[in-house]
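K.L.:
I'd like to ask you about the structure that follows.
The values are calculated or read from the model by the stated rules, or taken from the named source; none is laboratory data. Just so it is clear, the model here is predicted, and its values are computed rather than measured. With ideal geometry, Cβ positions are generated from the backbone for all residues, glycine too; neighbour counts draw on all protein chains shown.
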Amino acid sequence: MLSSDRRAIQLRLVAFGLGILCWLLAIHTYRALKGDASLPVLVTVSCRKPLERGIIELFQITRSNAAIPVCLEFPRHSRDHQDAIRPSSAFGQQGFQKFALDGLESSLPPTNEPVSLKGVPDKRAIPAWWTAPAMSEQEWQWTIKGSWVRSLRLQVLAGSHRDIESVLIVCGSTSLRIPGNKLTWERNNVAQPIVGHDPPAHQEFFTCNLPWGADCSRSILPRFSGLWNYPGDFGLICHIFASFAQHPSTWFFVLWGIIALGGLYVRKARNTPDEGVPRENATPRADSVRGGPLWGTGGFLLVVLAATYLETRDPRYFLQDDNFAIFYPAISRACEIAAIGQFPQWATHQFLGMPLAELGTFALTYPPTYLAYFFSRDVLGDPTWFVDVFCWSHLFLGYWAFFWLLRQEAVIPPLGMCASACWSLCGYALIACRSWYYMSPVFLFVPLLALQLRKLESVQEPFAHFKLQIWRWILATGVLAGLFYHAGNAQMWLYTIQLLGAAIFVRGVVCRWSVRRWAILVSAALVASAVAAPLLVPQLLVVSQVQRPPGPHEGIFDGLLCLILPYPLAQAPSPCNWADPTNPHHGQFYFAGGVFTLLWLGCVTWYGLQVRKAASFLASFWQLIAVLALVLALGNVGGLWWLQSRLPIIGQAYHPFKYLPFFHLGSLVVGAKFWQYIFIERNGQRPCTLSNTSPEQRQALWITIGMTLVLLMWHVFLADTCFYQYGDRDYRPLPPRLAELLAPGNCAARIAPITPFRSPAENFVWGLGLDFPMVYGIESLDGYSEFVRQTNEYRRVLDGLTTAPLQTLQKYGVQYVVLHRTAAHPVRSPSWDARWAETQSLFDDFRIRAWCHSQRPAYFDEFVAVFPVEDADPPAFWEEPGLEQAAVCSQSARLTRAVAKEKDPVDNVHPRRRPAKFRCPSGAVLVVDCEDKPEGGRLVLNYLWRKGLVATADGHSLPIGSDLWGRTVVSVPAGTREVRVSYQSPWKGGILGGLCLLLMAIFAATAAVTPPIRRSDSKRSQ
């Protein structure tokens, strides 16, 4: 190596190292300034007597004087203390069982008699856990960590502020106890409505700004002066350098630096010039197929063995988190609707009628969804295996797709087998798919699409000689990309188009593609858009009215070292903050075998050590994918995600760690090719079978394969985490009396569940929150789909629950309120970030609690209590003339109040709603018999009106609209015998748009493969 070249490489390494060092220090400094360096603050309020939950609250006051509520700690309400928070009484567990068998009528107080918080003195009274003293505490605790505290405000209901005995504030090593008589209270009137009353009454609170007697911080930075939990300027600097030295990402780059220095030392010892880089365009020879199927089958059996182990250890391995609470319930209900011959465009079980197919997240326009469900139901005999059948089938096929891709890249079969197993069993495949089933198609479609793009480079011009091959390529690529859009996650489809498109664009520019080759690529893109358009257009219409709040933008920065090393050599938190932090195996989420990722780092270093060929790094298809995906997966700290989040459409996406499988794609391919280049191709050999390799090369190959497979099997053994884990692992049957109450016969009742958003408690499914009602065939006012929850139609329901909850429940035909125990007695998981989701519910509203206290439950046990809602509107009724609807004031819906004026009781004439003969919906169609109403009239269906709803009678369309409550109203003419209401998604616009795109694709492809018209010599002479 020349001395000038050596100095150039050394300067390059020094500049790169200094850049990484400054970048890491900037990241840790930013995190520290945002609150990571703050001291934890513990606030404990002691009371003279137990105060009920909701009476006392703590707020954190920001610099802009905004009040942010602080979440309660709920002592003794952790996942490990579920037995301790169950009701304790003389009856105990046997009391619940006894009264469940003997009936509730003889043991409950009258309906209008409120249940005391201290229990009913009558010996016959049973322990009512929703009013039990366990709901109130004499000592309330709040913990604030990870944020700066400038001021705290305590809010207590009027009359209870005198019961505050003392307030203890602990900040770091400093503590301050404030006696209750030293607190300065201010009266604060907060207007809040009371159940069933209109207009709302005033609720009086007392607030107090907690004084901090200790010295507040003084800093050279004005922004941090006056903070309670600021560690001081020196403490801040120490925290920055300590976090820098201890963070796993630092050791990731230290390891990378060791590889670079080692490579530089080898180059210096050999004193050789540039040795070249792995070939970008590599086509397998004819003898490369030899031994390929055998090695591929061996690797596939290894993947099947790993799947068998996981399913044996954890049956229904992938049925966790959102798969358990959202996707399986909705997809199973949709498939049952399809089983009776109706396309699942709409379901009545959630949100007073919600669209299904057009949302896209349930993959109901993707044929394998139905194949997996009916295979699970009819062949395996249990439909709850659907998620596992769906995920494993895609991962198995993804193994062969990746193996085929590596064979086309001229990677020898042993390495291809090893890398393909890493692809299908990587941490993202096993852990992310446990929460989101729609991640599994990524591992099938992404390597197939990458392979198709690589094939386009190998087609030689003129294309007129390969017309049939070109047409096949356009059709296959377009259909694959379009079908991928229907597989459940448009975000991953967009990321695939983004990364593969960027890589192929750079390759096209570097290789100076002709206009015809670009036209072929555009033709395939148009075909893909045409296939995706029938779902793309309706989905855009849904998303356009959704106001999505800001989401998490933290990436994989904390898990960089886990890309190479498994547990216990490296540990990292889960990229999803709701995961259980006590599980040490979250680092396996980032792991994909380790060896090939280390080889990728070596390849990047190899490019950097080339003096004159380092620029060829930017022209590598697979390196571009790996580097872009890694930088985007880092999140805001990488910079590129921060810029992308400012863009429309793609900027609304959450979770930058979703780019991780694309990094695995590029790093596995590059790592396999780099190993082959170092040990075989660099010496001028091109063997593709083991028989042509030397003993040293075979030894290196077996060592590589052995290390990779051992680490991979160890990784599979540790893959026991997910983003969130519920206490239930299956959908337990409802208690017989509860099932009989809520689903008598074929007609299910409509409920309003009161549960936290998540909970690790047992029998949480019995609370019928989230999408669990779809599993049990029960209609629910609520559900779990942000796309539906944020629509204009459902916002007025949320406004009604906030303004007048009881009246809203009655108007929307809610027959029962189902209260789960966790709403009154939250059960906490160890996750700090999940505390709000596990503790907050509608039961926090004092009006809801007061109503539950005053009601007589129709059923209850130690887990759920069911309260009937009186005077609820029927599912369908005829609206009498002159009766106006009362609607809740709603700013979002811009409603006006038109309260029904009841006639004088002396007249003995009360306007009533006449129930219609409503057939309980078994599918996606509502049917009302009108024979008892031959004169017709105004028919109100207690389902939200949406733009796609259509009413027909005897094959003729009927006028349909909404009332002030947003319910569906049909104008029925006289003589109508039956009214059918169904939902029609806007497929027509997407289909027409797809046809137009398909015609454009045909035109572009025809122009690309048609040879240019050449004029004859005679015409030229003329």
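K.L.:
For residue 177, all conditions in the list (1) in contact with a Pro (Cβ under 6 Å, 6 or more places away or on another chain); (2) at pLDDT 85 or above hold save one; what is the number of the exception?
P.N.:
(1)
K.L.:
Ok, one more. Select from segment 825-838 the residues that are surrounded by 23 or more Cβ atoms within 10 Å (Cβ to Cβ) and either modelled with pLDDT under 80 or outside any loop (DSSP other than H, G, I, E, B) (or both) and list them in ascending order.
P.N.:
828, 838
K.L.:
Here's something else I'd like to know. Output the residues belonging to segment 773-810 that are buried (at least 24 other Cβ atoms within 10 Å of the Cβ), farther than 29 Å from residue 543 by Cβ and out of contact with any strand residue (DSSP E or B) (no Cβ under 6 Å at 6 or more places or on another chain).
P.N.:
Result: 804, single match.
K.L.:
What's the total number of residues in segment 594-627 that are modelled with pLDDT under 90, of a type in the set (Val, Ile, Thr) and surrounded by 23 or more Cβ atoms within 10 Å (Cβ to Cβ)?
P.N.:
Number satisfying all stated conditions: 0.
K.L.:
Do you know which residues across segment 353-399 are without any contact (Cβ under 8 Å) to a residue 24 or more places away in the chain and over 24 Å from residue 924 (Cα atoms)?
P.N.:
379, 380, 381, 389
K.L.:
Go through the residues of segment 432-445 one by one and say whether even a single one is touching a residue at least 24 places away in the same chain (Cβ under 8 Å), under 20 Å from residue 627 (Cβ atoms) and part of a helix (DSSP H, G or I).
P.N.:
Yes, that holds for at least one residue.
K.L.:
Residues that are under 21 Å from the mean Cα position of the chain (by Cα) and either surrounded by 24 or more Cβ atoms within 10 Å (Cβ to Cβ) or in contact (Cβ under 8 Å) with a residue 24 or more places away in the chain (or both): does segment 400-416 have at least one?
P.N.:
Our first condition is that a residue be under 21 Å from the mean Cα position of the chain (by Cα); within segment 400-416, this holds for none.
No: zero hits.
K.L.:
To continue, here is another question. When you check residue 933 against the structure, is it assigned to a loop (DSSP other than H, G, I, E, B) and either modelled with pLDDT under 85 or under 21 Å from residue 817 (Cβ atoms) (or both), yes or no?
P.N.:
Values: assigned to a loop (DSSP other than H, G, I, E, B): yes; either modelled with pLDDT under 85 or under 21 Å from residue 817 (Cβ atoms) (or both): yes.
In short, yes.
K.L.:
Can you name every residue in segment 422-446 that is under 16 Å from the mean Cα position of the chain (by Cα) and hydrophobic (A, V, I, L, M, F, W, C)?
P.N.:
Once the filter is applied, which keeps residues that are under 16 Å from the mean Cα position of the chain (by Cα) and hydrophobic (A, V, I, L, M, F, W, C), segment 422-446 yields 429, 430, 431, 432, 433, 436, 439, 442.
K.L.:
Which condition breaks for residue 553 when tested against (1) of a type outside the set (D, E, K, R); (2) within 30 Å of residue 323 (Cα to Cα); (3) modelled with pLDDT of 90 or more?
P.N.:
(3) is the only condition that residue 553 fails.
K.L.:
Within segment 695-741, restricting attention to residues that are in contact with a helix residue (DSSP H, G or I) (Cβ under 9 Å, 6 or more places away or on another chain) and among the small types (Gly, Ala, Ser), which residue is surrounded by the most Cβ atoms within 10 Å (Cβ to Cβ)?
P.N.:
Across segment 695-741, the extreme among qualifying residues is 719.
K.L.:
Among 218, 279, 270, 223, which is within 29 Å of residue 557 (Cα to Cα), surrounded by fewer than 17 Cβ atoms within 10 Å (Cβ to Cβ) and either at pLDDT below 85 or in contact with a helix residue (DSSP H, G or I) (Cβ under 8 Å, 6 or more places away or on another chain) (or both)?
P.N.:
Only one candidate passes the filter, namely 223.
K.L.:
Can you spot a residue in segment 406-415 that is hydrophobic (A, V, I, L, M, F, W, C), at pLDDT below 95 and part of a helix (DSSP H, G or I)?
P.N.:
Yes, the conditions are met somewhere in segment 406-415.
K.L.:
State all residues of segment 982-1008 that are among the β-branched types (Val, Ile, Thr) and modelled with pLDDT under 90; if no residue qualifies, say none.
P.N.:
Selection gives 1006 alone.
K.L.:
Here's something else I'd like to know. Please go through segment 146-168 and pick out each residue that is crowded, with 21+ Cβ neighbours inside 10 Å, touching a Gly at 6+ places or on another chain (Cβ under 9 Å) and in a strand (DSSP E or B).
P.N.:
Result: 164, 167.
K.L.:
Please specify each residue of segment 407-435 satisfying the condition of being of a type in the set (A, V, I, L, M) and farther than 26 Å from residue 580 by Cβ.
P.N.:
410, 411, 412, 415, 417, 419, 421
K.L.:
Quick check: is even one residue across segment 742-765 under 31 Å from the mean Cα position of the chain (by Cα), crowded, with 18+ Cβ neighbours inside 10 Å, of a type in the set (A, V, I, L, M) and within 12 Å of residue 325 (Cβ to Cβ)?
P.N.:
yes
K.L.:
Report the residue count in segment 529-547 for those that are over 18 Å from residue 493 (Cα atoms) and either small (Gly, Ala, Ser) or over 21 Å from the mean Cα position of the chain (by Cα) (or both).
P.N.:
Residues in segment 529-547 being over 18 Å from residue 493 (Cα atoms) and either small (Gly, Ala, Ser) or over 21 Å from the mean Cα position of the chain (by Cα) (or both): 1 in total.
K.L.:
Among the residues of segment 509-519, are any in contact with a helix residue (DSSP H, G or I) (Cβ under 8 Å, 6 or more places away or on another chain) and under 24 Å from residue 990 (Cα atoms)?
P.N.:
For segment 509-519, residues in contact with a helix residue (DSSP H, G or I) (Cβ under 8 Å, 6 or more places away or on another chain) and under 24 Å from residue 990 (Cα atoms): present.
K.L.:
If you don't mind, there's one more thing I want to ask. Of all the strands (runs of 3 or more DSSP E) wholly in segment 28-76, which have at least 1 residues that are of a type in the set (Lys, Arg) and in contact with a helix residue (DSSP H, G or I) (Cβ under 7 Å, 6 or more places away or on another chain)?
P.N.:
Result: 41-52.
K.L.:
Considering only residues of segment 332-379 that are among the acidic types (Asp, Glu) and more than 23 Å from the chain's Cα centre (by Cα), which is surrounded by the most Cβ atoms within 10 Å (Cβ to Cβ)?
P.N.:
Among those residues, the one meeting the criterion is 336.
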